[in-house]
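Each value in this text was obtained by applying a stated rule to the coordinates, not by laboratory testing. In this text, all values refer to a predicted model and were calculated from it rather than measured experimentally. Backbone-built Cβ (ideal geometry, glycine too); neighbour counts: all protein chains shown.
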Amino acid sequence: MKSILKILIVGFVISFLSCNGTKQTNENSFEKADSSITSTTPEVSHDELFKWQWNLKELGGLNANDSVNQKPFLLFASGPTNAVSGYAGCNRLSGSFEFTGGNGIKFLPLVTTKMACPAMDFETKLLDAIQHSDSWEISGDELSLSKGNVTSVKFEKADRPAEN
């Protein structure tokens, strides 16, 4: 009976010590991971995104000026639900989006008008590039939307701020 009690006490002490050691290690790991996240994540300001009309510059690395008669553009608006609207080369577009931390972005399903135009292939590629983007970056006068590490579409600031 005494030997069973000794075994239980020793087991309890070992369990207690191993749990305490694990907890301390996890806390230290969390602190290290948390500090590396905050030190490498740049502070992102959304103000510039909302301030300007963004005219299409490049789609898939190709200059957009030769692809459509009227230049596609995007407008972003903040609010309880962040909104995006614009022109895709033939049809108007609208929808909403969410910031997903840092420079992450997620576009919710976009809706468009349903006109048929000669540049429908271009418009389809543009809408697909926007819809599947998962990050954004503003550098100088340029807005880039990317999927993973690949920039899929670039816009440039209009000559004047957006009229929201």
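Brief remarks on what is shown
- Backbone N atoms of region 50-64 closer than 20 Å to the 7 Å Cα→Cβ label point of ASP128 belong to residues 56-64.
- Projected label distance in nm at GLU142 and LEU108, using a 7 Å step from Cα toward the beta-carbon: 3.2 nm
- With coordinates expressed along the principal axes, the C-alpha atoms belonging to region 55-164 extend over 38, 29, 27 Å, beginning with the largest.
- Backbone amide hydrogens, once placed in the peptide plane, bring ILE105 within less than 5 Å of THR100, SER135, TRP136, excluding anything fewer than 5 places away on its chain.
- For LEU143, distant residues with modelled amide H under 5 Å away: PHE155, GLU156, LYS157
- Entries in LYS114/LYS157; LYS71/LYS154; LYS57/LYS114; LYS71/LYS106 that, when Cα-Cα distance is taken, lie over 22 Å: LYS114/LYS157; LYS57/LYS114; LYS71/LYS106
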